[in-house]
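Input: a single structure, listed below in structure tokens.
The values are calculated or read from the model by the stated rules, or taken from the named source; none is laboratory data. Just so you know, these numbers come straight off a predicted model, no measurement behind them. Here Cβ is always computed from backbone atoms with ideal geometry, including for glycine, and neighbour counts include all displayed protein chains.
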Amino acid sequence: MDSSEPFYGPDFARLAAQDPDVAQVLLDEVARLRGGLQLIASENLSSPAVLAALGSTLNDKYAEGYPGHRYYRGCEVADRAEQIAVERAKRLFGADHVNVQPYSGTTAILAAYAALLQPGDGVLALALEHGGHITHGSKVNFSGRWFHVVSYGVRRDTETIDYDEVRDLALRHRPRVIVCGATAYPRLIDFAAFRAIADEAGAWLLADVAHEIGLMAGGAIPSAVPYADVVTFTTHKSLRGPRGGGVLCTDELASGIDRAVFPFTQGGPLMHVVAAKAVAFGEALRPEFRAYAASAVDNGRTLAEGLADEGLRPVSGGTDTHLALVDLRGTGVSGAEAERRCAEAGILLNHNAIPYDPAPATVTSGIRVGTLCATTQGMGAAEMREIASLVVRAIRQPGAITSVLERVKGLTATHPAYPR
Ligand SMILES: Cc1ncc(COP(=O)(O)O)c(C=O)c1O
């Protein structure tokens, strides 16, 4: 076992000595990341500094409450971690108020709903089959169980959000909250249009930008903050931080959001994660992060164009972000089978429903690809074009798996994840 691995800090040797089984799992995971291409659109590679904060003794501290108002004593140091995170996030996003305690994107949305809604209230959100997230009204999720959710979709011809339909539904159903944001929607969302519809319908506007928040922070795409009453996000996708979530809101909603996070939906905050969020916000405030966000979007466009040139149709004709959805119906290969073939060739991506997908959700006619990890690894346009060609070969030519895997190894050797 190589205990000189740099990504677990100086204590890794202790873990290796005490618990070689788990230490080996950690090493194998780094090897897995290094050995393939991560095109799963929701994943990224956090920095050694973020990982170091995650591995700190702040893990041990109970700090229910907020800085200066904690339930337990001994929180002065933990307070500083949260104050730094909050101050940096406010600067980064230009929001009136931020709550950095949500354990995940899902609990951030849970808190936002709790602050704005009562059980049985109406919500209008993007349909799951058209790119919405399960927290936007799926029946298997609290959102679909506790609220009356009406869904809008994308147009058949453009595969982009039908703002006329959103307005019609908002005026007909008068939801208390309109949700914009998605998990598999490659185009920019017109937050100004949603704001106007929410105002006309007398609804709160909630933007769930779990995916795009880092692109917004880096100035690569327009921000939702000036338009939405509440913005929920994750810290582990395009923000490249620890696994977690956050909520931004206006001054008007600040105390309601804070009470909805704690004590309503969560217990003690994960203070080591809060410290790691502070590190990630600090990284995102640097000029290099602006370059990263711009590059992730450029790479998204190049990857989608490359796939189109090789005969795979990007849904909506392309992408404005780090992710693309691809229609595989012309290939005779399902999304699930494409996912399997690519994985065999060292390329990780996920099968995904495309709008109006004729195939069941477990099979699908599409795949979703993203550039966040590859961009962190320093890949650019030339690599994106090659990756597009490798993805297409892996899908269309099962006999080419070995040669595709060889090229994947070449790319990961020149652009490694977690370089030594
Ligand atoms: C749009 C959207 N909202 C919410 C979430 C939930 O985030 P988490 O997995 O951190 O709970 C995701 C995660 O994929 C997402 O894409």
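Of the residues making up the range 136-160, those that are in a loop (DSSP other than H, G, I, E, B), among the charged types (D, E, K, R) and surrounded by fewer than 19 Cβ atoms within 10 Å (Cβ to Cβ) are LYS139, ARG155, ARG156, ASP157. Filtering the range 101-125 to residues that are part of a loop (DSSP other than H, G, I, E, B) and within 14 Å of the ligand (Cβ to nearest atom) leaves GLN101, PRO102, TYR103, SER104. As a summary of the residue check, LEU188 satisfies the conditions (1) surrounded by fewer than 23 Cβ atoms within 10 Å (Cβ to Cβ); (2) assigned to a helix (DSSP H, G or I); (3) out of contact with any helix residue (DSSP H, G or I) (no Cβ under 6 Å at 6 or more places or on another chain) except for the one numbered (2).
Restricting the range 41-53 to residues that are closer than 30 Å to HIS351 by Cβ and part of a helix (DSSP H, G or I) leaves a set whose member that is nearest to the ligand (Cβ to nearest atom) is VAL50. Restricting to the range 377-420, and then to whatever is at pLDDT 95 or above and of a type in the set (D, E, K, R), can you tell me which residue is surrounded by the most Cβ atoms within 10 Å (Cβ to Cβ)? Filtering the range 377-420 for residues that are at pLDDT 95 or above and of a type in the set (D, E, K, R), the one surrounded by the most Cβ atoms within 10 Å (Cβ to Cβ) comes out as GLU383.
Within the range 120-132, residues that are assigned by TED's automatic domain parsing to the domain that holds THR160 sit with their Cβ atoms under 8 Å from residues that are more than 10 Å from the ligand (Cβ to nearest atom) and of a type in the set (D, E, K, R), at 6+ positions apart or across chains, in these pairs: ASP121/ARG176; GLY122/ARG174; GLY122/ARG176; VAL123/ARG176; GLU129/ASP357.
Here the range 80-100 is the region considered, the condition is being outside any helix (DSSP H, G or I) and in contact with a helix residue (DSSP H, G or I) (Cβ under 7 Å, 6 or more places away or on another chain), and the residue that is nearest to ALA280 (Cα to Cα) is VAL100. Out of GLY246, GLY268, one residue alone is surrounded by fewer than 17 Cβ atoms within 10 Å (Cβ to Cβ) and outside any helix (DSSP H, G or I). It is GLY268.
Applying the criterion of being closer than 18 Å to ALA111 by Cα and among the charged types (D, E, K, R) to the residues of the range 169-225, the residue that is nearest to the ligand (Cβ to nearest atom) is ASP208. On inspection, PHE194 fails the criterion of being surrounded by fewer than 20 Cβ atoms within 10 Å (Cβ to Cβ) and in the same structural domain as PRO242 (by TED's automatic domain parsing).
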